[in-house]
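Report on the following structure.
The values are calculated or read from the model by the stated rules, or taken from the named source; none is laboratory data. Nothing here was measured: the structure is a model prediction, and the numbers come from that model. Neighbour counts are summed over all protein chains in view; Cβ atoms, including those assigned to glycine, are modelled from backbone coordinates with ideal geometry. The accessibility values were calculated without ligands, DNA or RNA, using every heavy atom of the protein model including side chains. Shrake-Rupley method; radii C 1.70, N 1.55, O 1.52, S 1.80 Å.
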Amino acid sequence: MKIKKFQKELKQRKIDFCILISDDINFSYFFQEQIENSILVIPSKGKPCVFVGPLENIKTSFKKLKYKNPFKDLKNLCKGTIGINESKITVEQKKRFSKIGRTKDVSDMLVELRKIKTKEEVARIRKACYLTEKILKKIVKNFNFKYEKDIKNFIKIESIKNNCELSFEPIVASEKNARIPHYSGNKRIKKGFLLLDIGLKYKGYCSDISRTFYVGEPTKNDVELYKKVLSVQQESIRSLKSGLKTKSLEVNARKMFEDKEKYFIHSLGHGLGMDVHEAPSISLKSKDELKEGMVITIEPGLYHNQGIRIEDDILITKKSHKKLSRFPRELIIIPKL
Ligand code: GLY
Ligand code: MN
Ligand code: MN
């Protein structure tokens, strides 16, 4: 994705080549496929070149070279200043790269580039959302799960059936367990809120969707609490547009929670893409501003006697925003087993 733009920026920074290893997700960002034991060289002009290990068998429109001794081969190819992603290589690798030539860190360039999604990237995230919601629908439709892990396993099997990986280990938290935002465990599903947080990876791109159901009959207070979270989420989403500072988004959400703000113990959301958490950041400390093409999550929650979170994935458009996830948000009640 966006190789030409990246090359232009390399030139501006007087970097002749950028070298990315296949353990780095930015390799897959440009290469559009996940492979192993390979190195991508993007020159500031001309065709990128991929050095593949002797055992790999891949097809690519890039120049392809089989390497024998990768560092020797790189030294022969890359004459000049080289850009490396310091955030994704080991100290040892950095040392070896610096023997090839003068190095400059390009990690900030990669973060900036990936903040704004292309149409193809948005289409993949949308498809990941669609497939996640298909699973959520199935869970609700034939609810006969007894343990939290039964739901987790169902999510895993369904994601494999859809040729997807998971963006993260699914969170399935019943009753008091839902008070822990990143709960992992396997308790019996009880009467009370049931929080599901699911993310699939479709062609390298993540979804990240949370819904909170109620098992059994909720009290008036339960319904009120749920409505509070939903109204903060919907108001936050309504305000999304290009130019909005993410810090003010966070400030406003916290104001809307009023006296319950202290039970909102994580930030309102985050950028979403190849990584489930990526730029832009949404927090009180963030300096980011929303721009057309960004994809973010909006996921307010309350964690006190119970736990509730509602999370959707949203594309920022020129004048407003589009919801990429669409699963119903009103409180779904699951009759007690
Ligand atoms: N599933 C992790 C998150 O919502 O950020
Ligand atoms: Mn999230
Ligand atoms: Mn999530």
(message) Starting from the Kirkwood Rh over alpha-carbon pairs, what translational D in µm² s⁻¹ does region 169-218 have by Stokes-Einstein at 10 °C and 1.306 mPa s?
(response) 137
(request) Provide the solvent-accessible area of R188, counting protein heavy atoms only and rolling a 1.4 Å probe, rounded to the nearest 10 Å². (result) 120
(message) For region 1-102, place one equal point scatterer on every Cα, skip the solvent, and apply the Debye formula. What is log10 of I(q)/I(0) at q = 0.10, 0.11, 0.15, 0.17 Å⁻¹?
(response) -0.24, -0.29, -0.55, -0.73
(request) Positive end of the charge dipole of region 264-337 (Lys, Arg +1 and Asp, Glu -1 on Cβ, about the Cα centre): tell me which of N305, S286, V276 has its Cα farthest that way. (result) N305
(request) Whole number in Å², please: accessible area per residue of region 60-127, 1.4 Å probe, ligands, DNA and RNA not counted. (result) 59
(request) Please name which of T103, G53, I42 has its Cα lying farthest along the dipole of region 21-180 towards the positive end, using unit charges on Cβ (Lys, Arg +1; Asp, Glu -1) and the Cα centre as origin. (result) I42
(message) At 1.4 Å probe size, with the rest of the protein present, what percent of the exposed accessible area of the chain is carbon and sulfur atoms?
(response) 51
(message) Return the equivalent ellipsoid semi-axes of region 148-241 as a descending list in whole Å, where each equals the square root of 5 times an eigenvalue of the C-alpha gyration tensor.
(response) 25, 20, 10
(request) Could you pull the Rg and Dmax for region 232-337, using just the Cα atoms, both in Å? (result) 14.1, 48
(request) Once you have a ≥ b ≥ c as the square roots of the Cα gyration tensor eigenvalues for region 23-66, tell me rounded if a/c is under 1.5, and otherwise prolate or oblate according to whether a/b is larger than b/c. (result) oblate
(message) Return the Rg/Rh ratio of region 42-81 with Cα-based radii and a Kirkwood Rh.
(response) 0.97
(message) Translational diffusion coefficient of region 64-109 at 4 °C, 1.567 mPa s, Stokes-Einstein with Kirkwood Rh over Cα pairs, in µm²/s as a whole number.
(response) 116
(request) Express the accessible area of region 276-337 per residue in Å², computed with a 1.4 Å probe while the remaining protein chains stay in the model. (result) 47
(message) Just the number: Rg to Rh for region 88-166, Cα atoms, Kirkwood Rh, two decimals.
(response) 1.25
(message) Compute, for the chain, the length of the dipole vector about the Cα centre, with Cβ point charges of +1 (Lys, Arg) and -1 (Asp, Glu) only. Units Debye, rounded to 20.
(response) 1000
(message) On a 20 Å Cα-Cα criterion, which of the cross-link pairs K134/K203; K115/K201; K45/K104; K176/K260; K287/K323; K8/K322 come out too long?
(response) K287/K323; K8/K322
(request) Compute the normalised compactness of the chain: alpha-carbon radius of gyration over 2.2 N^0.38 Å, N being the residue count. (result) 1.12
(request) Place a +1 charge on the Cβ of each Lys and Arg in region 1-130 and a -1 charge on the Cβ of each Asp and Glu, then give the dipole magnitude about the Cα centre in debye, rounded to the nearest 20. (result) 540
(message) Compute the angle between helix 220-238 and the longest alpha-carbon principal axis of the chain, please, reported from 0 to 90 degrees and rounded to the nearest 10.
(response) 30
(message) As a test of understanding, state the convex hull volume per residue of region 118-163 from its alpha carbons, in Å³.
(response) 64
(request) Report the semi-axes of the equivalent ellipsoid for region 199-276 in whole Å, largest first, where each axis is √(5λ) for an eigenvalue λ of the Cα gyration tensor. (result) 25, 20, 10
(request) Towards the positive end of the charge dipole of the chain, with charges on Cβ (+1 Lys, Arg; -1 Asp, Glu), say which of F143, G199, S242 has the farthest Cα. (result) S242
(request) Can you work out the accessible area per residue across region 188-246, with the rest of the protein chains kept in place, probe 1.4 Å, in square angstrom? (result) 38
(request) Measure nothing but the geometry: give the 0 to 90° angle between the long axis through the Cα atoms of 246-256 and the longest principal axis through the Cα atoms of the chain, rounded to 10°. (result) 10
